Every structure is written in structure tokens, then in C-alpha cells.
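Structure first, then comments.
The values are calculated or read from the model by the stated rules, or taken from the named source; none is laboratory data. What you see is a predicted model; the values in this text were computed from it and never measured. Please note: Cβ atoms are built from the backbone with ideal geometry, for glycine as well, and neighbour counts cover all protein chains shown.
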Amino acid sequence: MLDMPRFRWSADEKGAVMAAQHYCADTDDGYHLDDPSPEALVVLISELNHTDNTFMAVQPDGDDPPWSVSVSLREDDTYEIERREGPGQEPHQTTHTNGGATAEELLSWLAARTHA
């Protein structure tokens, strides 16, 4: 299990702790999760593997999402984060050598996304 990055999150009435709301996470092996918590996203990153689950994607529900982000486990055991700020926008990519740093960047980026 990855170490959970330490952030101050604000909770809404449902206990959600991310600025981004009404979004989902999907994994390469077919798992789908609506409105995942930060902890659930850390678990999804920790479950990436080279056999049948090499990536996960997070985006708002609906057609033409205003943003999207994916995390991939590369063949060299590094993690790649690809972020898009909108349809047709160029992706921004970063890589990390460990899952904890990957989770920290993902959660920070998601915390900055606003409810669409």
C-alpha cells in the first residue's frame, strides 16, 4: 500500500474530500468507481501492474469532460501522469519513480479542479 499523501481537504455534506466532484475512475482491468475518495485513488494506483491493469483514468461524468487525467505504469516501473485541461488541449505529462509521489501529484491536481 502506498503512503497516503498529507493534504488538508474540505468535506462536503456527503463526506467528499476533493474539490472535483461528480467524476469517476476507470481502470485497465475494467473496474469503475464513481466519486472516488483520495484513499480509493491511492489504492487504484497501488494496484497498477504489468499483467492486466497498466493504467487508470479519472474524469468528470458526462460527454466532453472539461478535464481528464490518467496514471500509467510504464514498462520501466515508472509512473506517468497525463493531464488534459479540456477537449483538444495538449496533454501535460510527468513521470515519477514511485507510487507515493504519483499519488501526491494526482491528488493535488484533482484538488485544484472545480465542480463543473
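Computed quantities for the displayed model
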{"item": "Residue list for segment 69-91, filter: modelled with pLDDT of 95 or more and either under 14 Å from the mean Cα position of the chain (by Cα) or buried (at least 18 other Cβ atoms within 10 Å of the Cβ) (or both)", "result": "69, 70, 71, 72, 73, 79, 80, 81, 82, 83"}
{"item": "From 33, 106, residue being on the phi < 0 side of the Ramachandran plot, assigned to a helix (DSSP H, G or I) and touching a strand residue (DSSP E or B) at 6+ places or on another chain (Cβ under 8 Å)", "result": "106"}
{"item": "Within segment 49-66, tally of residues that are among the polar types (S, T, N, Q) and assigned to a strand (DSSP E or B)", "result": "3"}
{"item": "Hits in segment 67-102 (condition: under 18 Å from residue 36 (Cα atoms) and either touching a residue at least 40 places away in the same chain (Cβ under 8 Å) or not hydrophobic (A, V, I, L, M, F, W, C) (or both))", "result": "67, 68, 69, 70, 72, 83, 99, 100, 102"}
